[in-house]
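Okay, structure first, notes after.
Every number here is computed from the coordinates shown, using simple stated rules; none is lab data. Please read these numbers as outputs of a predicted model, since none were measured by experiment. All Cβ positions, even for glycine, are placed from backbone atoms using ideal geometry, and neighbour counts span all protein chains on display.
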Amino acid sequence: MSEWLVLTIAMAAACAVVLTIVVINHRRIPDDDDPSETPDVMEYMTMMIGVVYAIVLGLAIAGVWEARSAAQETVRQEAQALHEISERVEVYPADVRARIRADVEAYVAYVVDDEWRHMSEKGELSEQGTDLLQRVRRGVTDYRPADDHEGQAYQPLVDQVAAVDDARNARGQSAGATMPGVVWFGLIIGALVTVGLVFTLQIRRTGRELLLAGLFSALIAFLLFLIWDFDAPFGRGISATATPFTDLFPQITE
């Protein structure tokens with residue numbers, strides 16, 4: 001099911017539930033009821049709870065967006081380090097250079113074509129990707145430089161392999177959901193309380209009040225969906241992409 005379809009259904013369901021409750025509640029209100037009799041303290045408490053929940057929502061959105069941005073940055077660092085390895089082996093003999101570059105491209109192709117889907121589905125790195133990176137490491141570290149010029153390039157290449165490994169591990173740690181379950185519990189309960197308190201203001205069945213109630217509930221549903229969508233940096237619609245790999249290694253898409 002498309003995520004946009006999920007969003008549409010969630011927003012429509014939230015509006016339908018709220019408007020249904022408003023209509024049912026309105027039928028139970030006696031004809032002599034005066035909406036202006038709502039205590040001022042009730043309006044104040046409703047406003048304060050709404051403000052507090054808005055702050056919590058803002059912090060949650062900022063947190064998952066920061067996690068998504070950090071995940072995208074680790075992808076960029078990993079791709080850049082692999083690109084540096086591919087370029088810096090230029091000083092090595094042709095056969096060694098070709099073998100290391102082939103190992104790098106095999107790893108990149110696997111990450112883009114297969115491991116990305118594996119992370120999305122299972123929330124973890126794959127063993128085959130780890131094995132392919134190990135081949136790159138062995139190809140770099142097992143070579144013995146033949147002269148000083150190659151020796152000067154050896155340690156920077158080893159450092160770049162370590163950078164790839166570090167960025168890969170960081171990518172693996174970001175593969176799953178980043179929002180703890182207890183936070184989701186608080187967000188959902190807070191949404192129910194915030195929307196529920198709207199009914200304490202004695203909403204009537206006028207078009208303006210029904211429209212505002214529907215829009216408010218739809219907004220809450222949209223913000224919760226946004227947090228859920230950002231919560232898995234590699235698993236959902238607005239997620240980190242493999243663009244840095246394809247930009248630096250365009251040959252793997254040919």
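Computed values, structure above
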quantity	calculated
Stretch gain in nm, segment residue 65-residue 106, where the contour uses 0.36 nm per residue and the Cα spacing is subtracted	11.7 nm
Fewest-first ranking of 119, 48, using other Cβ atoms within 10 Å as the exposure measure	48, 119
Peptide ranges 88-101, 213-226, 143-156 listed from the most packed, as the mean C-beta count within 10 angstrom indicates	213-226, 88-101, 143-156
Residues in region 114-157 that a label on residue 97 would reach, taking backbone N under 18 Å of a point 7 Å out along Cα→Cβ	139-141, 143-157
Kirkwood hydrodynamic radius (C-alpha pairs) into Stokes-Einstein, region 107-233, 10 °C and 1.306 mPa s, D in µm²/s	83 µm²/s
